[in-house]
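The values are calculated or read from the model by the stated rules, or taken from the named source; none is laboratory data. The structure presented is a predicted model; accordingly, all values stated were derived computationally and were not measured. Using ideal geometry, Cβ is built from the backbone for each residue, glycine included, and neighbour counts are taken over all protein chains shown.
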Amino acid sequence: NDEKSLNFIEEIIEEDIKNGKHGGRVLTRFPPEPNGYLHIGHAKSIVLNFGLAQKYNGKTNLRFDDTNPVTEETEYVESIKNDIKWLGFEWAEELYTSDYFDTLYGYAVKLIEKGMAYVDDSTSEEIAAAKGTPTEPGKPTPYRDRDIAENLRLFEEMRSGKYPDGAKVLRAKIDLASPNMHMRDPLLFRIKHAHHHRTGDSWCVYPMYDFAHGQSDSIEQITHSVCTLEFIPHRPLYDWLIDQLEIFPSKQYEFARLNLNYTVMSKRKLLQLVNEQYVEGWDDPRMPTISGLRRRGYTPGSIRNFCERIGVAKRENIIDVGLLEFCIREDLNKTAWRRMAVLDPIKLTIINYPDGKEEMLTGENNPEVEDGEGEREIPFSNALWIEREDFMENPPKKFFRLGPGLMVRLKHAYIVRCEDFVRDTDGHVTEIRCTYLPESKSGEDTSGIKVKGTIHWVSIPHAKTVEVRLYDRLFNVENPAAESDFKATINPESLQIIEKAYVEPDLLNAISGKGYQFIRKGYFTLDTKSTSDRPVFNRTVTLRDTWAK
Ligand code: ATP
Ligand code: MG
Ligand code: MG
């Protein structure tokens, strides 16, 4: 299975190992900002970073990129750790950029001492205006030529809390004419009087992303720092800072972020969906979050498999959500236990089966594996629920289900023939009346009769009532993020609740986290928030619609 060609990052790593760079050591990191729950895009980054380390005998650090005190919370830290573990990965060390605040402050002082950084009193608007445009060089602000001693003093005063938010910033002194806007004296530190989820009130200056990320990589001696394409223009600054500070030379490599159609993936947008209650929470089964997918019934293996299948690209693209669905179907087809559930019931009476008689039939749990993973008992009687759509008064030619005079097999049970049906006063069909062939019992059928269709059913006196939730795409358009108002494209029918579905009794023993195939209806899982007096099943995904239709 190692015949697969290498992706471009693997090629780089193999070359580095061959050249003995860093003694052949591979250390990657996954650096989430704890300002939201992880989504499927993060899963791509996790599978890539942890996967590279696994493949090359290396390690991966989990580093919380917590430099923005305003948006970050401990709840997010916990959910992120939980999701990574659930995906099946173990980090070498749990680290926080905020643990490096002292070191980063020291690095800034070092740059000032080298004449490579200065304190600027300009407003953010003034700084933006003086930066120029990509075709026009920037201009120095009046503070650019402050001497080293003054810069050191002012930076120390920024730290000690002497100035309000926004009064001053620390900037690198690089090149105001650089064609790369990120090199035009980028901001390194800003003042923010805010409580931090870990450092509390001990700091009122915080490093900017560009002065935290690469330096943290370097402090940890990360060998391959993999990020998404937007950071290509940041790379010269990443390298410049490491050079000037003369610290461990981590290297940044960029790949195309995962985009998925019919959803949004920015945490800011996902947070809006949560806060404005378009969804039930971060773990709503319609969300592209790891916790949402888990609650929906996705398995860790299916998500890892999806991330591996899409590969590592150097150019932006959009992946069809159908591929994600394909991966979970493939997984659940092999692992889900088969059960019967009727979502839209109509009564079927077997007129020649004795009233009050019941018998226990059996059905294997999983026909996809050798031993079937055991069987469960399915009670049978003369009163059954079947799906309304499995009966037609005037069926077309190839309708291999029920209609006047038509025969069908009841899964795991007998062949029945529709003799008659009953209507209410409004003309709606309310009951289907059948005879059964006693010698046609599944597994011991001597009737000699072949029928084309098999339908599922649940015995009415034994049926259990559950709630079933059917999900559809959360958005009606392929790329909601491209709309002026992404929330205007929310699919109003993304959730359909069936308050009373009838299921075979064994489904009351459903195991949380396990997949069940409701025969002909799709793959389902017990909702993690459901209670035993009110079980709720979420549909993970529909079946490929091939089954006995
Ligand atoms: P968002 O835009 O959703 O807020 P982010 O990049 O700001 O995402 P981080 O918490 O900083 O979120 O991301 C942690 C890591 O996951 C980063 O290395 C980032 O590059 C990566 N990542 C985030 N989104 C994707 C994606 N869609 N595809 C691949 N990697 C991603
Ligand atoms: Mg980020
Ligand atoms: Mg972000």
Item to check | Considering residues of region 205-220 that are away from ligand 2 (no atom under 15 Å from the Cβ) and in a helix (DSSP H, G or I) only, the residue farthest from residue 231 (Cα to Cα) | outcome: 219
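Kindly indicate the residue of region 10-40 that is in a helix (DSSP H, G or I) and surrounded by 20 or more Cβ atoms within 10 Å (Cβ to Cβ) and also nearest to ligand 3 (Cβ to nearest atom) among those meeting that condition. Before you say what the answer is, go through the steps one by one.
Pass one, region 10-40, residues in a helix (DSSP H, G or I): 10-18, 21-24, 40.
The next check asks that each one be surrounded by 20 or more Cβ atoms within 10 Å (Cβ to Cβ); those that pass are 13, 40.
Values: 13: 27, 40: 15 Å.
Within region 10-40, the match that is nearest to ligand 3 (Cβ to nearest atom) is 40.
In region 105-140, which residue that is in a helix (DSSP H, G or I) and among the charged types (D, E, K, R) is farthest from the chain's Cα centre (by Cα)? Walk me through how you get there before you give the answer.
Keep residues of region 105-140 that are in a helix (DSSP H, G or I), which gives 105-113, 124-130.
From the residues that got through so far, the ones that are among the charged types (D, E, K, R) too are 110, 113, 125-126.
Working: 110: 41, 113: 46, 125: 37, 126: 40 Å.
Here the answer is 113.
Here's the yes/no breakdown for (1) more than 16 Å from ligand 2 (Cβ to nearest atom); (2) over 22 Å from residue 223 (Cβ atoms); (3) crowded, with 16+ Cβ neighbours inside 10 Å:
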site	(1), (2), (3)
242	yes, no, yes
254	no, no, yes
260	yes, yes, yes
263	yes, yes, yes
267	no, yes, yes
270	no, yes, yes
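Do we find a residue being farther than 21 Å from residue 463 by Cβ and not in a loop (DSSP other than H, G, I, E, B) anywhere in region 391-407?
First, the residues of region 391-407 that are farther than 21 Å from residue 463 by Cβ: 392-400, 403-407.
Now narrow it down to the ones that are not in a loop (DSSP other than H, G, I, E, B): 407.
Yes: region 391-407 contains one or more residues that are farther than 21 Å from residue 463 by Cβ and not in a loop (DSSP other than H, G, I, E, B).
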Checklist entry - Inside region 415-444, can you point out the residues that are surrounded by 15 or more Cβ atoms within 10 Å (Cβ to Cβ) and either of a type in the set (Val, Ile, Thr) or on the phi > 0 side of the Ramachandran plot (or both)? => result 415, 416, 429, 432, 435
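Yes or no: residue 143 modelled with pLDDT of 95 or more, touching a strand residue (DSSP E or B) at 6+ places or on another chain (Cβ under 8 Å) and in a loop (DSSP other than H, G, I, E, B)? Give the steps one after another, and end with the answer.
Values: modelled with pLDDT of 95 or more: yes; touching a strand residue (DSSP E or B) at 6+ places or on another chain (Cβ under 8 Å): yes; in a loop (DSSP other than H, G, I, E, B): yes.
Against the criterion (modelled with pLDDT of 95 or more, touching a strand residue (DSSP E or B) at 6+ places or on another chain (Cβ under 8 Å) and in a loop (DSSP other than H, G, I, E, B)), residue 143 qualifies.
So that you can scan it fast, the table gives a plain yes or no per residue for (1) without any contact (Cβ under 8 Å) to a residue 60 or more places away in the chain; (2) within 16 Å of ligand 3 (Cβ to nearest atom):
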| site | (1), (2) |
| --- | --- |
| 213 | no, yes |
| 252 | yes, no |
| 255 | no, no |
| 259 | no, yes |
Next on the checklist: So for region 41-54 (the condition being within 15 Å of ligand 2 (Cβ to nearest atom), under 30 Å from residue 273 (Cα atoms), of a type in the set (Gly, Ala, Ser) and assigned to a loop (DSSP other than H, G, I, E, B)), does at least one residue qualify?
Outcome noted: no
Checklist entry - Could we say that residue 70 is in contact (Cβ under 8 Å) with a residue 60 or more places away in the chain, within 16 Å of ligand 2 (Cβ to nearest atom) and farther than 21 Å from residue 229 by Cα here? => result yes
Next on the checklist: Condition first: buried (at least 18 other Cβ atoms within 10 Å of the Cβ), of a type in the set (A, V, I, L, M, F, W, C) and under 23 Å from residue 70 (Cβ atoms). Now tell me which residues in region 170-205 satisfy that.
Outcome noted: 170, 188, 189, 191, 203, 204, 205
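Among 451, 477, which is the only one that is in a loop (DSSP other than H, G, I, E, B), more than 21 Å from residue 339 (Cα to Cα) and in contact with an Asp or Glu (Cβ under 7 Å, 6 or more places away or on another chain)?
Details: 451 fails: in contact with an Asp or Glu (Cβ under 7 Å, 6 or more places away or on another chain).
None of the others qualify; the one that does is 477.
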